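What follows is a short report on a single structure.
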Amino acid sequence: MAITSLWLTDFRCFEATVFEPDLAGLTVLRGENGAGKTSLLEAVGWLATMRSFRGAPREAIVRTGAPRAIVRAEATSGARAVLIEAELPAQGTARTQVNRQAVRRRVDLGQAVRVSVFSPDDLALVQDGPAHRRDYLDEVLVGGHPRFESLHDEVERILRQRGALLRQASRAGPEAIDASLDVWDARLAAAGEELAAAREELAATLGPLVADAYRRLAGTGNRDIVLGYRRSWEGTLDRALAEARRDDVRRQVTTVGPHRDELEVTVEGRPARSQASQGEQRSVALALRLAAHQLACAQHDEPPILLLDDVFSELDHHRATALVEQMPPGQTLLTTAVDPPPAVTPDRVVEVAHGRLVGSGGVR
């Protein structure tokens with residue numbers, strides 16, 4: 001799986017650009033901060049997920065003054081040639097096509113292009129709240145088993161409906177919504193239990209992969225790092241929802257369910273979020289991404305395209321070398337504002353400056 005050519009029109013700082021990365025090796029995108037390096041990775045990521053891995057709203061992606069951005073790529077998936085196109089209007093509905101056929105769900109892009117993204121923002125996986133770690137699990141889950149996208153969306157829909165009912169209770173009284181809550185609670189119990197069970201199984205699968213990657217990155221021998229999935233309820237979810245209903249009505253929020261669960265990460269028995277050093281936290285974040293990429297490689301015939309956004313800027317020599325050694329073969333795009341570490345041997349180097357590309361992979 002690889003991008004052969006990428007065309008950008010009015011995407012971020014790029015007015016019109018064509019990018020041709022090395023097909024099977026490492027392409028380094030080098031330039032000053034703000035030159036547009038990350039925007040190229042963001043465009044590839046958009047074609048794979050229909051969203052920005054930087055969390056940017058669509059209006060921020062469209063070049064200032066332009067009505068829309070266009071991202072177009074030719075790719076290979078196995079022996080098949082694939083054309084992926086996305087139109088991102090500043091206002092209105094975005095459209096994505098694969099081989100001229102409309103795509104409405106992210107999961108439908110999986111056979112066309114897949115990516116694994118490493119970025120400085122990954123530190124939030126360790127330092128920030130449980131929502132980041134739940135999102136990480138769900139992304140990995142859907143990447144390996146597309147059917148879970150529908151399950152995840154169903155849980156989100158039920159939670160929105162239940163939340164609306166709880167807010168309605170403040171006006172109509174709790175008794176007026178009891179029958180409706182019974183229906184939504186039954187649906188949430190069924191879908192929520194299934195999603196939590198899938199996350200638990202995934203956490204158990206990722207655990208040894210994360211531990212191995214962490215030891216290699218941190219050079220800590222047999223140092224113990226453990227993943228554990230903790231539900232926000234005990235027993236069955238339907239019973240937990242019934243017991244929490246009075247409190248939920250009072251607070252107008254759903255207090256138990258998969259949206260309240262936590263992926264706990266410990267290093268030597270200490271919570272990584274609150275008691276690990278920043279160096280340890282950075283190694284944990286990288287290990288989580290490496291484990292997810294390794295699992296994706298095992299689940300599919302071809303590895304995802306690896307997007308490395310400025311990951312070496314805050315790594316010491318040992319961690320940088322260990323990260324390079326763990327990168328599997330396949331197409332890799334790396335951004336950097338400085339010369340990459342000596343362990344990095346690029347197959348192609350492209351200079352990026354002010355929304356323009358210079359080098360063997362930068363057509364213009």
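Numerical summary
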{"quantity": "Strands (runs of 3 or more DSSP E) completely within region 289-364 that count 2 or more residues being closer than 17 Å to Asp122 by Cα", "calculated": "305-309, 332-336"}
{"quantity": "Test: residue in region 176-187 that is of a type in the set (Gly, Ala, Ser), out of contact with any Lys or Arg (no Cβ under 7 Å at 6 or more places or on another chain), under 18 Å from Val253 (Cβ atoms) and without any contact (Cβ under 8 Å) to a residue 60 or more places away in the chain", "calculated": "yes"}
{"quantity": "Which numbered condition Ala190 fails, given (1) of a type in the set (A, V, I, L, M); (2) over 30 Å from Ala2 (Cα atoms); (3) in contact with a strand residue (DSSP E or B) (Cβ under 8 Å, 6 or more places away or on another chain)", "calculated": "(3)"}
{"quantity": "Matching residues in region 37-94 - criterion: being touching a helix residue (DSSP H, G or I) at 6+ places or on another chain (Cβ under 9 Å), among the β-branched types (Val, Ile, Thr) and in a helix (DSSP H, G or I)", "calculated": "Thr49, Ile61"}
{"quantity": "Residues of region 54-79 classified as closer than 18 Å to Val98 by Cβ and among the hydroxyl-bearing types (Ser, Thr, Tyr), total", "calculated": "2"}
{"quantity": "Test: residue in region 1-12 that is of a type in the set (Lys, Arg) and crowded, with 18+ Cβ neighbours inside 10 Å", "calculated": "yes"}
{"quantity": "Sole residue being of a type outside the set (Val, Ile, Thr) and buried (at least 20 other Cβ atoms within 10 Å of the Cβ), chosen from Ser180, Ser150, Ser119, Ser170", "calculated": "Ser119"}
{"quantity": "Residue ID - farthest from Arg187 (Cα to Cα), chosen from residues in region 205-262 that are among the small types (Gly, Ala, Ser) and assigned to a helix (DSSP H, G or I)", "calculated": "Ala218"}
{"quantity": "Matching option when the condition is more than 30 Å from Arg162 (Cα to Cα) and touching a helix residue (DSSP H, G or I) at 6+ places or on another chain (Cβ under 9 Å), among Thr205, Thr236, Thr255", "calculated": "Thr205"}
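Read-outs: derived from the displayed coordinates by stated rules, not from any lab. On a predicted model such as this, the values are computed, not experimentally measured, just so you know. As a convention, Cβ positions derive from the backbone with ideal geometry for all residues, glycine included, and neighbour counts pool all protein chains shown.
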